[in-house]
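Here is the structure we will look at, set down as structure tokens.
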Amino acid sequence: MSFKTHFKKPTSSFSKSTLILISMASSVLFLSILSLCLFFPLSSSSHHKHFPRPHPSHKPVQSPVDVPQIQLACKATRYPEICQSTLSQSHNVPPNPTPAQMIQSAIGVSSEKLKTAQSMVKSILDSSASSLNRSNAAKTCLRILDYSNTRAQAASDALPRGKIKDARSWYTAALTYQYDCWSALKYANDTKLVDQTMAFLDSLIGLTSNALSMMMSFDNFGDDFNTWRAPGTERTGFWEKGGSGGALGFSGGFPSKLTADVTVCQSGSCRYKTVQEAVNAAPDNVMTKRFVINIKEGVYEEIVRVPFEKKNVVFLGDGMGKTVITGSLNVGQPGVTTYETATVGAIGDGFMASGITFQNTAGPDAHQAVAFRSDSDLSIIENCEFLGNQDTLYAHTLRQFYKNCRIQGNVDFIFGNSPAIFQDCQILVAPRQVKPEKGENNAVTAHGRTDPAQWSGFVFQNCLINGTEEYMKLYHSKPSVHKNFLGRPWKEFSRTVFIHCNFEALIHPNGWMPWSGDFALKTLYYGEFENSGPGSNPSQRVPWSSQIPAEHVGAYSVQNFIQGDEWISTSS
């Protein structure tokens with residue numbers, strides 16, 4: 001079983017004392033003193049599976065100014081009582097607010113608490129010189145909370161401009177980063193300050209969830225607050241507005257006729273010998289022009305990071321298996337998190353790659369070892385190869401498009417919480433253990449949606465699901481012990497669909513596997529539509545998977561799911 005189990009979310013209460021703490025928090029020292037009696041302690045061994053729920057006895061504080069729209073808007077959230085209380089006390093909601101103003105007010109409430117969370121994490125870092133794990137967790141936390149703040153501000157700014165899909169995508173990422181900060185600290189929860197910070201993050205996550213739920217209602221039900229409702233999923237009969245349209249045969253992809261700005265090669269005849277040097281040379285925050293890096297054939301043993309300020313960076317290689325970027329970081333090394341194991345990590349928006357092999361050579365017994373991680377919005381990856389074992393491809397956040405790619409691994413080897421579409425790709429299972437003949441249970445995907453309002457999910461269109469030649473020899477030698485599944489739910493609202501794909505014989509008749517017990521089986525959405533091949537027979541599928549209704553399959557088109565018709569070139 002994957003070691004991702006330590007990322008499950010604990011349950012805590014939005015009790016009256018927690019609310020008092022949230023409203024009074026003004027300094028890290030003050031929080032540290034008060035939280036001993038105000039926060040419900042969270043053990044590092046907690047394994048509950050849900051977000052915090054509002055305490056049923058809590059009474060919302062009435063707004064000094066009567067703004068009836070607050071109550072209506074908050075009914076569309078997962079935590080309506082905490083929503084009413086915090087918005088009423090914030091004094092940020094104008095009289096007769098528009099939906100955009102209401103949502104901006106909810107974002108503002110969350111953003112204020114985010115500042116406190118950042119200060120608390122900074123205190124953890126300052127006190128963790130003697131603990132490598134806690135220090136690294138705090139550093140990761142600070143970095144991704146900064147990303148959360150940036151994405152939240154962008155979402156708020158997008159609302160009055162009518163960019164609701166952008167706002168939902170960016171705020172989905174903001175929530176993901178807050179959850180991931182909590183997760184990082186959970187793995188290093190050995191002090192009271194960490195425990196208190198995790199409790200505060202619990203409350204912050206609930207506030208962010210509320211604003212995101214309002215966005216979902218606004219997008220689907222319009223300006224009338226009376227029509228808004230709490231977020232639903234396909235399992236509860238909810239389908240996004242406009243989801244019935246959108247052709248599945250979208251033909252866009254990587255842009256053609258790109259000219260290199262710089263070249264990387266190992267011969268010494270180019271300006272740069274390493275990929276990272278070329279990335280560092282890209283201008284910061286240039287939104288109107290691509291920066292194309294031609295990476296010549298060769299094996300580049302390096303860890304590469306494309307930071308947030310490096311926008312529209314393009315990796316242009318000489319082909320899969322020719323231009324190879326390789327590393328071997330894994331979670332078995334001291335202080336290394338799954339997030340940091342990536343050989344290549346792209347965060348700057350508009351990242352593109354073609355003709356590259358991304359590889360992590362940590363062996364099948366090394367657990368999590370990522371070859372490629374992307375947090376890049378509006379990202380296009382075409383004709384690339386991803387080689388690894390557990391957690392090969394980390395589609396972490398934001399809109400991503402993979403076309404004609406080859407992805408290889410075994411345990412949860414496509415995972416994350418992005419809205420990502422994989423089109424015309426080969427998905428290949430590789431041998432898993434040091435002694436693979438003894439058998440295994442492999443899951444191709446592990447999608448990590450934590451909230452029903454998050455705009456995320458994995459969509460596979462016209463892909464082949466098979467095994468490597470080596471693995472298929474093992475499979476055919478004893479099929480009963482080599483079991484392979486399309487996915488399992490890493491988080492409570494995991495969403496993955498396969499459309500017009502070819503499933504070879506290695507796919508188990510059940511199709512999908514649980515994570516642990518009945519976790520997420522009532523809330524996930526795992527869908528299939530018109531797939532083919534010996535592993536595609538739906539008759540023995542688990543009862544908690546679905547066959548996608550034909551009238552709704554368009555919800556997963558490139559146009560609808562990632563708005564690809566607005567940013568993916570159709571002249572490739």
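So P97 fits all but one of (1) in a helix (DSSP H, G or I); (2) under 22 Å from D157 (Cβ atoms); (3) more than 26 Å from the chain's Cα centre (by Cα); what number is the exception?
Going through (1) in a helix (DSSP H, G or I); (2) under 22 Å from D157 (Cβ atoms); (3) more than 26 Å from the chain's Cα centre (by Cα) one by one, P97 breaks only (1).
So which residues in the range 350-374 are at negative phi, touching a residue at least 60 places away in the same chain (Cβ under 8 Å), open to solvent by 10 Å² or more (accessible area, probe 1.4 Å) and part of a loop (DSSP other than H, G, I, E, B)?
Correct list: G363, P364, D365.
Suppose the filter is in contact with a helix residue (DSSP H, G or I) (Cβ under 9 Å, 6 or more places away or on another chain), at pLDDT below 90, surrounded by fewer than 23 Cβ atoms within 10 Å (Cβ to Cβ) and of a type outside the set (A, V, I, L, M, F, W, C); does K59 pass it?
Numbers: in contact with a helix residue (DSSP H, G or I) (Cβ under 9 Å, 6 or more places away or on another chain): yes; at pLDDT below 90: yes; surrounded by fewer than 23 Cβ atoms within 10 Å (Cβ to Cβ): yes; of a type outside the set (A, V, I, L, M, F, W, C): yes.
Yes: the conditions hold for K59.
Based on this model, can you work out whether D377 counts as of a type outside the set (K, R), at pLDDT 95 or above and open to solvent by less than 10 Å² (accessible area, probe 1.4 Å)?
Details: of a type outside the set (K, R): yes; at pLDDT 95 or above: yes; open to solvent by less than 10 Å² (accessible area, probe 1.4 Å): yes.
So D377 passes the test.
Under 7 Å between Cβ atoms, which residue pairs at least 6 apart in sequence (or on different chains) link something in the range 298-309 that is farther than 14 Å from A278 by Cα and free of Cβ contacts under 8 Å to residues at least 40 places away in the same chain with a partner that is hydroxyl-bearing (S, T, Y) and open to solvent by less than 60 Å² (accessible area, probe 1.4 Å)?
Close Cβ pairs satisfying both conditions: G298/T323; V299/T326; E301/T326.
Out of the residues in the range 418-436 meeting the condition of being open to solvent by 10 Å² or more (accessible area, probe 1.4 Å) and in contact with a helix residue (DSSP H, G or I) (Cβ under 6 Å, 6 or more places away or on another chain), tell me which one is nearest to S213 (Cα to Cα).
Among them, the one singled out is P431.
Can you tell me which residue among S110, S128 is assigned to a helix (DSSP H, G or I) and crowded, with 19+ Cβ neighbours inside 10 Å? Spell out the reasoning first.
Values: S128 fails: assigned to a helix (DSSP H, G or I).
Within the list S110, S128, the selection yields S110.
Can you report the number of residues in the range 392-414 which are in a strand (DSSP E or B), hydrophobic (A, V, I, L, M, F, W, C) and farther than 9 Å from S374 by Cβ?
Taking the range 392-414 first, the residues in a strand (DSSP E or B) are 393-395, 400-403, 406-409, 411-414.
Imposing the further condition that a residue be hydrophobic (A, V, I, L, M, F, W, C) reduces the set to 393, 395, 401, 407, 411, 413-414.
Retained after the next criterion (residues that are farther than 9 Å from S374 by Cβ): 401, 407, 411, 413-414.
Qualifying residue count, the range 392-414: 5.
Condition check: part of a loop (DSSP other than H, G, I, E, B), surrounded by 20 or more Cβ atoms within 10 Å (Cβ to Cβ) and touching a strand residue (DSSP E or B) at 6+ places or on another chain (Cβ under 8 Å). Does A282 satisfy that? Full working, then the answer.
Numbers: part of a loop (DSSP other than H, G, I, E, B): yes; surrounded by 20 or more Cβ atoms within 10 Å (Cβ to Cβ): yes; touching a strand residue (DSSP E or B) at 6+ places or on another chain (Cβ under 8 Å): yes.
So A282 passes the test.
Rundown of residues vs (1) among the β-branched types (V, I, T); (2) modelled with pLDDT of 95 or more; (3) more than 27 Å from the chain's Cα centre (by Cα), yes/no style:
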site	(1), (2), (3)
F493	no, yes, no
V497	yes, yes, no
N502	no, yes, no
A505	no, yes, yes
H508	no, yes, no
G511	no, yes, no
T523	yes, yes, no
N531	no, yes, no
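The values are calculated or read from the model by the stated rules, or taken from the named source; none is laboratory data. Just so you know, these numbers come straight off a predicted model, no measurement behind them. Quick reminder, even Gly has a Cβ in these numbers, built from the backbone with ideal geometry, and neighbours come from all protein chains shown. Ligands, DNA and RNA are stripped out before the accessible areas are found, and what is left, the full protein with its side chains, is counted by its heavy atoms. Shrake-Rupley method; radii C 1.70, N 1.55, O 1.52, S 1.80 Å.
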